[in-house]
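Notes for the one structure printed next.
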Amino acid sequence: MDVIEQLAGSVTILEPRGRIDSVTAKEFGERVINLLNIGRHQLVIDLNSISYISSAGFRQLLIAKKSTLEKRGKLALCGISGEVKRLFDIGAFDELLPVYSTREESIASMQ
Amino acid sequence: MNSAAIPEQEGRSPSSDLVGLTPKRFRKKKLIARFLAHAYRDPVLPPNTKKPAALIYGADDRLSAGIALSNGLQHVGLISINLVYPLLICRLVGAPIPVVEDMLAIGMMVLAFGTIIQVLRLGPIGSGLMLPSTFTATYFAPCIIAARIGGLPLAFGMTLFAGGFEAVIAPLLNRLRTFLPVELSGLVIFMISVTIGIAGMRQMLGPTAGPVSGAEWAVAATTLGSMAALNIWAKGLARMLCALIGLIIGYISALATGVLTLPLLDPVFRAQWLGIPHVRHVAWSFDATLMAPFAIASVAAAMKAAGTVTICQKMNDANWVRPDMQSVTRGVLADAVTTVVAGLFGTFGTNTSTPSAGLASATGVASRNVALAAAAVFFALGFCPKLTAMLAIMPRPVVVAALLYALAFILINGLQIMMSRMLDARRTFVLAFGIIGGLTVEIFPNSVKLLPDSIAAIAGSSLVTATVIALLLNLVFRIGVRKTATLLIEREQIDPQKIDDFFIKQSNTWGARPDVAKRASFGVIQLVDAVAENCWSHGAMAVRASFDEFRMEIVITYPGEKIEFPDERPSADQIRDSDEGARLLAGFMLKRNADRVRSATKEGRCTVHFHYEH
């Protein structure tokens, strides 16, 4: 799994590509924690290029949300569609995670 | 939600009218308020339903009385063409005009009743969706046979039976899919239209029909031509109500050409504007030999009702994925109860109106209030003897033209349903031999005289013959239809991509839908994820996938313990902070991902069974 990283002002945008499953979830979670540890507390995770996410991936997203809040930062998710949207729906994760339609909306939510 | 276009909900609590009442009246009114809240005011759509952009008023939206009434009138206009079915059945058995008038008046009230119980949710009955009732072509052929053998009482009695039979099969529809595949329902619809078309043409050209004058041909051509022309070239309301306008044009041309004379109009002149219909024509009788044709017709009616409920579900939900079978069953039960009531009060079988679902989709108005308005209009029309008398004297060429217009859409719909499936050799034989068998009975009616009397009564119906042939061939040809493939996964070499590739390849080979293959693939990968750490102790995991056109079954066997499939999602804290919480989440997602899940452990090996409807 590759992760593209971009900066938009004080907001860090992460765009993972491929699958977030039991093999890759930990690596992705560590990447988020590392960013928080170096002071990047405003994170947008764009899931547009993700083809699959397992329960391990969702667990990492929940850990990322809690860690961000502990650092008094903000986390927003966007780019959820197709199969990933179906998986969000079956787990009702939009109740647990801050989900926005577009990257722009996610960045705006950081203000 | 499409908030810009949505009117606000009324938001009144059922108890807001209860202030200042005596305790007895309070309790009574509270009970009524609770009943209404449950049956009508409570939302019928699931809370996470997303309204499609094209839909202005969804099932749960309330609208003003004016909008509801104008839309209700459109539905009544659309449905009224189907009054031609009971009318023609009465004509074919020579029922007197007053009986036809009463039967039509009661028929309209039955349609009102059916529309209301569909929109309410009374016990297990009613989908809660905007789905008016209509008379149906489905019961036409069986009713003709019954009425010819035992008069109208036998047709009414067997209609009661058909409604009861539909109620019995309503909860079983999903399980009967193997025996009643989609293409077979297409065949039934096609044969229904063929039967009606031939019955209609026999009115003009049959050996017992009176000679047809030039004026009658002209009236038939004008009626049918105007209906078709309005449907093709008109716009808006004129197109929507083309059948009704065509009927009016038919009457006018019949008057102008002398086909409809003043003496023939006498029952209309004598009829009152307002009056209560009689039930003196109501009587019932039963004949066991007619159970087969009525049972087949009721299966066709149930399948059509299920289809119409599904159309309405889809119309109301932008994220619709698959039919909500509970709502479908409730809708079919409401349809069945309406047919029972129709038989009980001396009229013919009904069905949910597919054109009404189409109209709701076209106008973007699918609110339940519209159904109530349509029911009110039908109920009121039932008390207008002048109108029913006018319908009862409908001239022969107008009846035939209306019938041909109505069946054109049914016939093509039947063909489309048959052709919607990939017609392999199995299905080709099932459909072709079914159609040939049915047409043989229509063209050579004497051919059944060679059969014993009890079978001849059944085989004498082209619809029944075609359906029975197709049902039997479908059963025989199912031998060897199931396909299977197995994938072995080593615990030390787990590769999710390999699992995904397996399902993509197999679904392409089998012709399975990609969305079902994706769900199956997710199920296996997620299970592997969940059990790999703690439950799967050693050795290989065997994934056996099997598929037929109705389902995909995945049976996964591995040495080790089984995982739990909870009904409730674990809390965010549980998921985050414990491995057990993460496993529970996996089990929860797996349960929601499949249509059915079960697991068992035997002699140290766990077997998980995922079932996906196709």
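The values are calculated or read from the model by the stated rules, or taken from the named source; none is laboratory data. The structure presented is a predicted model; accordingly, all values stated were derived computationally and were not measured. Virtual Cβ from ideal backbone geometry, glycine too; neighbours counted across all protein chains shown.
Of the conditions (1) touching a residue at least 12 places away in the same chain (Cβ under 8 Å); (2) more than 24 Å from B:VAL84 (Cβ to Cβ); (3) surrounded by fewer than 23 Cβ atoms within 10 Å (Cβ to Cβ), B:ALA432 clears all except one; give me its number.
Result: B:ALA432 passes all but (1).
Among the candidates A:LYS65, A:LYS26, A:LYS71, single out the residue that is within 11 Å of the chain's Cα centre (by Cα) and within 23 Å of B:GLN574 (Cβ to Cβ).
Just one listed residue meets the conditions, A:LYS65.
Considering B:GLY94, B:GLY66, B:GLY77, which residue is not polar (S, T, N, Q) and not in a helix (DSSP H, G or I)?
Unique residue meeting the criteria: B:GLY94.
Can you list the helices (runs of 4 or more DSSP H) found entirely within the stretch B:170-258 that contain at least 2 residues being within 22 Å of B:PHE140 (Cβ to Cβ)?
Answer list for the stretch B:170-258: B:182-205, B:214-233, B:242-257.
Given the criteria modelled with pLDDT of 85 or more and of a type in the set (A, V, I, L, M, F, W, C), does B:ILE455 qualify?
Considered against the rule, which asks whether it is modelled with pLDDT of 85 or more and of a type in the set (A, V, I, L, M, F, W, C), B:ILE455 comes out as no.
Restricting attention to helices (runs of 4 or more DSSP H) lying wholly within the stretch A:14-111, give those where 3 or more residues are surrounded by fewer than 21 Cβ atoms within 10 Å (Cβ to Cβ) and within 12 Å of another protein chain (Cβ to nearest Cβ).
Ranges flagged: A:55-70, A:82-91.
Hey, can you tell me all the residues within the stretch B:477-513 that are over 16 Å from B:HIS614 (Cβ atoms) and either modelled with pLDDT of 95 or more or in a strand (DSSP E or B) (or both)?
B:THR486, B:LEU487, B:LEU488, B:ILE489, B:GLU490, B:PHE502
Suppose the filter is on the phi > 0 side of the Ramachandran plot, under 14 Å from the mean Cα position of the chain (by Cα) and not acidic (Asp, Glu); does A:GLY79 pass it?
Criteria met by A:GLY79.
Check whether at least one residue in the stretch B:334-355 is in a loop (DSSP other than H, G, I, E, B) and surrounded by fewer than 17 Cβ atoms within 10 Å (Cβ to Cβ), and report yes or no.
Scanning the stretch B:334-355 turns up no residue that is in a loop (DSSP other than H, G, I, E, B) and surrounded by fewer than 17 Cβ atoms within 10 Å (Cβ to Cβ).
Which residues, counting only those in the stretch B:500-509, are more than 10 Å from chain A (Cβ to nearest Cβ) and crowded, with 19+ Cβ neighbours inside 10 Å?
B:PHE502, B:PHE503, B:GLN506, B:SER507 - these are the residues of the stretch B:500-509 that are more than 10 Å from chain A (Cβ to nearest Cβ) and crowded, with 19+ Cβ neighbours inside 10 Å.
Looking only at residues in the stretch B:192-212 that are polar (S, T, N, Q) and touching a residue at least 40 places away in the same chain (Cβ under 8 Å), which one is surrounded by the fewest Cβ atoms within 10 Å (Cβ to Cβ)?
B:GLN203
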